[in-house]
1. Filter the trypsin sites (Lys or Arg not before Pro) in the stretch 79-133 down to the DSSP loop ones having no more than 12 other Cβ atoms within 10 Å, then list what survives.
2. Which of the listed residues, 244, 164, 209, is farthest toward the dipole's positive end in the stretch 156-290, when Lys, Arg count +1 and Asp, Glu count -1 at the beta-carbon?
3. At a Förster distance of 45 Å, what's the computed FRET efficiency of residue 233 paired with residue 118, Cβ-Cβ distance as r, to 0.05?
4. Indicate, rounded to the nearest 5 percent, the antiparallel portion of the DSSP beta bridges found entirely in the chain.
5. Let me know the charge dipole size of the chain about its Cα centre in debye, to the nearest 20, where only the beta-carbon of Lys, Arg (+1) and Asp, Glu (-1) is charged.
6. Name the residues whose placed amide hydrogens come within less than 5 Å of the amide hydrogen of residue 12, ignoring near sequence neighbours (fewer than 5 apart) on the same chain.
7. Dipole magnitude of the stretch 6-73 about its Cα centre, charges +1 at Lys/Arg Cβ and -1 at Asp/Glu Cβ only, in debye to the nearest 20?
8. Would you please classify the overall shape of the chain from the alpha carbon gyration tensor, given that a ≥ b ≥ c denote the square roots of the eigenvalues, rounded means a/c under 1.5, and beyond that prolate means a/b larger than b/c while oblate covers the rest?
Amino acid sequence: MNATSSEEAPGRIVLLTTSHRVAPGLLSWPAWQALHAADRVLCADGAHPQLPYLREAGTAVDEASPTAEELVALCAGGHTVVVVATGEGEPALTDGLARLAGSGRVQMPELELLPASYDLPGARLLDLVQVMDRIRVECPFSSQQTHKGLAKYSIEEVYELVEAIEEGDRDELREELGDVLLQVIFHSRIAEDDPDAPFSVDDVAAGIVAKLIRRHPHVFGDETASTPEEVREHWLRTKAAEKQRSSVTEGVPLTQPGLALAAKLASRVRTAGLDVPLPPTEGIGYDLLALAIHAESKGVDPEAALRAAARAYRDAIRRTESENGESAAADD
């Protein structure tokens, strides 16, 4: 049996992909090995952010955009050619190679897709920050928005998120989480433009990271906690030390829905061990207050319970409409 000569060897093509979310030059060891061993290194984009770092490391990179046929020809004789992919991933080249391989007309080189850098968890958040920054600068609507102007949308998005959770719709849940995240990023970007007290999304993230570490001494410190109750004790103790509040009612937003507000106040009273009698006043509002406090004492979220009952009532309305063959007019 005759061995294939070096002149006949088809060679090797390595398509090197990188993530723009990782700092240029931070490549995997297999990527550096492939680059150093290559006979040619090509890149169609002369402004590719990796090129200065590759050249600094002693790798010669030619700015070229060969066709599939030209690239196969470069590999003839057993040569290895590394193609540093652009942000689009070289779809025209890969499609051309696939067509050439399918034709059976030529002996194809070995093809390898080699990721040189990978996205870390959360890396796509960088894309969101960049997109939001551009929208804030270039969009006539977004560039004029303020914290107050967006407040109503923030509330709406949270309600829609809660609805997705309660409905159990996973696709809706993912979408609504994105909409809530957008509100955080949008408000953070608006805050950057404040002339007196600017802050950025990095400041927001740093603040919540520091808070989470402080309030989880059983995870990041020397404390121990083996039950959810012990974790809650740690949380409340560190929170009390941070806030130094003079009343358990401080920090309770009065703009939240009435049942949720009543339940939150009841939770604060119960946690503090206070004995606070209900106001000796009659009326529907005070009846609802008593029901909300009772629900909270039983571990029931009165707001969620009422929403569930309202949904059941909505379904009953629709069944009645269907049975009667009519549609009720909206009374907005």
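The values are calculated or read from the model by the stated rules, or taken from the named source; none is laboratory data. Source: prediction; values computed, not measured. FYI the Cβ positions are ideal-geometry reconstructions off the backbone, even for glycines, and counts take in every protein chain you see. In case anyone asks, the SASA skips ligands and DNA or RNA and just uses the protein heavy atoms, side chains included. Shrake-Rupley method; radii C 1.70, N 1.55, O 1.52, S 1.80 Å.
1. Details: sites: 99, 105, 124; in loops: 105.
Sparse-neighbourhood loop trypsin sites (Lys or Arg not before Pro): 105.
2. Towards the positive end, the residue furthest out is 244.
3. On the way: r = 40 Å, r/R0 = 0.88.
After rounding, the FRET efficiency stands at 0.70.
4. The antiparallel proportion sits near 0 percent.
5. Numbers: 31 positive and 55 negative charges, 196 e Å.
In total the dipole reaches around 940 debye.
6. HN-HN under 5 Å from residue 12: 79, 80, 81, 110.
7. 420
8. prolate
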